[in-house]
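First up is the structure itself, then whatever we jot down about it.
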Amino acid sequence: MGEGPAGDPPDLLERLRRGDARAFEELVIAHQHRVFGVALRMLGNAAEAEDVAQEVFLRAHRALAGFRGEARLSTWLYAIASRLCLTRLGSGARRFSRLGDEALAGVADERTADPGAEAERSELEVALQRAIGELDEERRIVVVLRDLEGLSYEEIAEALQLPIGTVRSRLHRARVDLRDKLERFSP
Amino acid sequence: MNCQDARDQLSALLDDALATDERGPLAAHLGRCADCRRELERLRMTVTLLRTAPSPRAPAGFVERVLAAARPEPWPRRLRRWLFVPWGVKLPLEAAAALLVAGTAVYVFQRTPALQEAAREPATLSSRPAPEAPPPSPAPAPAPPASASRPTVAPVSPPPSLPPVRREAAPPKTARVADEKTEPKELGAAPTDAAKKVAPPAGPPPVARPEDASPLAAPSPAPPPATRALGAVAPEPAAGAAPPAGSRSAEPRKDAAEEATGRAAAALRSRVAETDVGGRLAVRDREAAERALTDLVTRLGGTRLAPVPDTPAGVVQLVVPRAAYPEMAEGLARIGRWLPEREPAELPAQVRVGVTLTD
């Protein structure tokens, strides 16, 4: 979806920089789930997540003219999303532990399953979101980007403007924290 | 390598993110340390669990909402377009504005007892002094209808007495309403005029008014000097007059603007209930003077008009035949100090004279 193996197609970048509305639409379509996903995992509720996600794209829209393409579009969007989420969380130093179903309101698993597995997965999802929510946000963002969004250490370092060593240690801490809480679900 | 150091690197190992020189030592430790191997496995399962978590999907309509929010242009452009609307919208708007002004006039009228009083006065207003302003009445008539028309409401100068004010009610009102409707563009000024109405007015040459009022003028009998009528008007009566005349002037309004300025005086006179001649008569004894006036006018074959209810004391309206006017003037001069403030160059067959008695 607009991103080849080597990066973003140059013509898309050019169109975006030019202010091509269609190109922007393609961008939003291609990355909406990623951006929303980060926001949802970080903020814990779908309404706020959509709010932030929309803001991410609007900011991107405003900054497109100056986007030089040094980073991939997705990395760039993750960077904006991370920054916005951390800012929003930072103002309240929020920890959300009791998310329950609300947190999963925006989560629509496209996998079909039998009821039993479905229930199991639901329980896991609830526990997962809760556990993630209990993490310190600096660790939370790293594990979300790495294990939920699949970014490489380098991409995370770039998105968060952190040294790789810091990414690594925070990620490890996050995983260790989560392990204790989710161990009972392990296969 | 101790266990703590080893465990700190387990995540990197899982992610294949170890530096080259880190791999060897860690591998060696893990080979020796079952506890650390167990830790590695626990960590691996956690990561696997995380990776199987459902991927959130953006809610339906998200893209549309983003695109809609990303369109900053439209509203300013839309606003601009709205401001310069096409004729189809402009005219109704102006009509609405006209109604607004008229409505305001009604409101003011209803709020001002004096206005209502003035309105109650019959159309055929007995001539009243209404002096001040431009002495040479009718002759003028040139006045630019457009500009002058608007200020009809704005009184020229404070009327010497109430009567003039009241009398003005008829013509000014029609003129004013006409103006409002004929000159939509000037509606903007209408509110200002309204303001002027209440403020002490400087008054544009009343002259113009006749023109405007003429076609519209309420069919009041007496031919009053247009100028005087308009000039003397105080704000209130004018305002009060507007509503009543509104309907009447509705049609002729268009004519007002197109009327040749020359049409003026004569036409107006015939339509507007006004005095042709107005002036002050300074006397020592008002009662005696009034009696003398009555005698004079009777002798000359004229009549003294019955005072109207709200005619302030001291104003007498007389009607004499044109031929007798000179003698009339002479007679007035004998009764007291006669100061005509308005005398048209051309007198009608029946000259209506408004005499304001003063001390």
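The values are calculated or read from the model by the stated rules, or taken from the named source; none is laboratory data. This structure is a prediction, so every number in the text was calculated from the model and none was measured. Cβ placement follows ideal geometry from the backbone for every residue including glycine, while neighbour counts extend to all protein chains displayed. Surface areas here come from the heavy atoms of the whole protein model, side chains and all, with no ligands, DNA or RNA. Shrake-Rupley method; radii C 1.70, N 1.55, O 1.52, S 1.80 Å.
Restricting the search to the stretch A:7-25, which residues are open to solvent by 40 Å² or more (accessible area, probe 1.4 Å), part of a helix (DSSP H, G or I) and at pLDDT 85 or above? If the condition is that a residue be open to solvent by 40 Å² or more (accessible area, probe 1.4 Å), part of a helix (DSSP H, G or I) and at pLDDT 85 or above, then A:11, A:14, A:15, A:17, A:18, A:21, A:22, A:25 are the ones that fit. When residues in the stretch B:317-348 are screened for being farther than 20 Å from residue B:291 by Cα and open to solvent by less than 60 Å² (accessible area, probe 1.4 Å), 5 of them pass.
Pairs meeting the criteria (first residue in the stretch A:57-76 and among the small types (Gly, Ala, Ser), second residue part of a helix (DSSP H, G or I), beta carbons under 7 Å, at least 6 apart or on different chains) are A:60/A:77; A:60/A:80; A:65/A:17; A:69/A:13; A:71/A:158; A:74/A:31; A:74/A:34. Mind listing whichever residues of the stretch B:51-65 are out of contact with any Leu (no Cβ under 6 Å at 6 or more places or on another chain) and closer than 17 Å to residue A:149 by Cα? B:51, B:52, B:54, B:55, B:57, B:58, listed by residue number. Scanning the stretch A:34-83 for residues that are small (Gly, Ala, Ser), open to solvent by less than 10 Å² (accessible area, probe 1.4 Å), part of a helix (DSSP H, G or I) and within 22 Å of residue A:136 (Cβ to Cβ) yields A:37, A:39, A:49, A:81, A:82.
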